[in-house]
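J.: The structure is given below, and queries will be raised subsequently.
The values are calculated or read from the model by the stated rules, or taken from the named source; none is laboratory data. If you're wondering where the values come from, they're calculated on a predicted model, not measured in any experiment. All Cβ positions, glycine included, derive from the backbone under ideal geometry; neighbour counts span all protein chains shown. Heads up: the accessible areas ignore ligands, DNA and RNA and are worked out on the full protein's heavy atoms, side chains in. Shrake-Rupley method; radii C 1.70, N 1.55, O 1.52, S 1.80 Å.
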Amino acid sequence: MRRTIFLIALLSALLWAANAFGWAFAVCGDSRDDKDGIFPQILSAVDSSDMEFLLHTGDMVNKDAPGEWDLYREATARFRKPLRVVIGNHEIYGGGTPEKFAERFGLPGASWSFTHKDAHFAIVDNAKGTFPDNTLAWLDRDLAAHPKGMGGITTLIVAMHIPPSTEGIRPHGTRYDYEERSAKLLAILKRHGVDAVLSGHEHMQYVEDWEGVLVLISGGAGAPLAPFQTYGYYRIDVENGRVRESFRRINPAKKFR
């Protein structure tokens with residue numbers, strides 16, 4: 001019995017030590033219709049950095065068509081790090097479905113999750129502009145199965161294409177009940193102590209504190225920008241249960257010619 005307790009304590013200490021050092025990843029979204037060479041520059045910057053993977057928050061293509069996906073594969077062919085993906089509304093245009101998206105990327109579903117070091121990521125499919133009951137129930141179950149303090153997890157991050165409706169965000173193209181559904185989402189996030197929500201969809205860069213949850217929009221990876229916005233991506237640093245974002249600007253490639 002004492003040996004078992006000692007081994008558990010030792011394992012916990014090792015997990016804590018492994019997570020005591022910070023690490024980082026990148027997040028960007030909306031690389032469709034990239035006429036300024038933004039997305040390849042993001043891929044190159046992440047690939048040559050200490051960031052461990054890139055999280056793409058959706059709208060990789062303009063519509064679900066072979067030619068569009070060929071362009072995406074060509075752009076990402078030389079990227080050497082993991083590329084985690086979120087389904088966007090444009091991925092279901094032109095006959096696309098969540099099932100086809102999941103099959104294309106070898107995922108268990110359009111809503112899926114993974115754990116990296118001390119952070120657990122839950123990817124939510126809200127590409128149709130709402131949070132259905134079954135999607136919110138899945139998120140609640142997934143976060144409950146990966147609580148902070150279990151298996152070395154110190155940080156919980158949720159990603160989706162369309163940002164939730166908050167005091168400062170009113171996303172376009174959503175269902176009539178999106179504000180009500182977003183409130184239900186917030187209750188789940190707060191119950192499980194989620195640290196951040198990462199999204200795209202709005203072609204802008206934006207950060208907000210949503211009742212203690214960091215909400216970040218990174219929608220400038222190549223799609224036409226909203227007025228007065230800037231192309232780029234965010235670096236996300238994770239350390240000892242804290243999440244810190246910093247924006248990295250990308251200039252149109254034509255300016256370098």
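J.: Quick check on region 159-168. Is at least one of its residues within 17 Å of ARG242 (Cα to Cα) and crowded, with 23+ Cβ neighbours inside 10 Å?
T.: yes
J.: Continuing with this model, one more query. Residues in region 117-125: is at least one open to solvent by 50 Å² or more (accessible area, probe 1.4 Å), hydrophobic (A, V, I, L, M, F, W, C) and at pLDDT 95 or above?
T.: no
J.: Taking region 72-99, which residues are open to solvent by 20 Å² or more (accessible area, probe 1.4 Å) and assigned to a loop (DSSP other than H, G, I, E, B)?
T.: Within region 72-99, ALA77, ARG78, PHE79, ARG80, LYS81, PRO82, THR97 meet the criteria.
J.: Further, regarding this structure: Out of the residues in region 205-233 meeting the condition of being among the aromatic types (Phe, Trp, Tyr) and not in a loop (DSSP other than H, G, I, E, B), tell me which one is surrounded by the most Cβ atoms within 10 Å (Cβ to Cβ).
T.: Here the answer is TYR233.
J.: Can you name the residue in region 126-149 that is part of a helix (DSSP H, G or I) and touching a residue at least 24 places away in the same chain (Cβ under 8 Å) and, of all such residues, is surrounded by the most Cβ atoms within 10 Å (Cβ to Cβ)?
T.: LEU139
J.: Next question. Restricting attention to region 154-204, report how many residues are within 14 Å of HIS56 (Cα to Cα), not hydrophobic (A, V, I, L, M, F, W, C) and not in a loop (DSSP other than H, G, I, E, B).
T.: 1
J.: Show the residue pairs that are 6+ apart or on different chains and have beta-carbon atoms under 7 Å apart, the first residue being within region 234-253 and touching a residue at least 60 places away in the same chain (Cβ under 8 Å) and in a strand (DSSP E or B), the second being polar (S, T, N, Q) and open to solvent by less than 20 Å² (accessible area, probe 1.4 Å).
T.: Sorted first by the residue in region 234-253, then by its partner, the pairs are TYR234/SER218; VAL238/THR155; VAL243/THR155.
J.: May I pose another question? Of these, ASP64, ASP30, which one is in contact with a helix residue (DSSP H, G or I) (Cβ under 6 Å, 6 or more places away or on another chain) and crowded, with 17+ Cβ neighbours inside 10 Å?
T.: ASP64
J.: Determine if region 186-197 includes at least one residue that is at positive phi and buried (at least 20 other Cβ atoms within 10 Å of the Cβ).
T.: no
J.: Here's something else I'd like to know. Just to be sure before I move on: is ALA102 assigned to a helix (DSSP H, G or I) and farther than 28 Å from ASN240 by Cα in the structure I sent?
T.: yes
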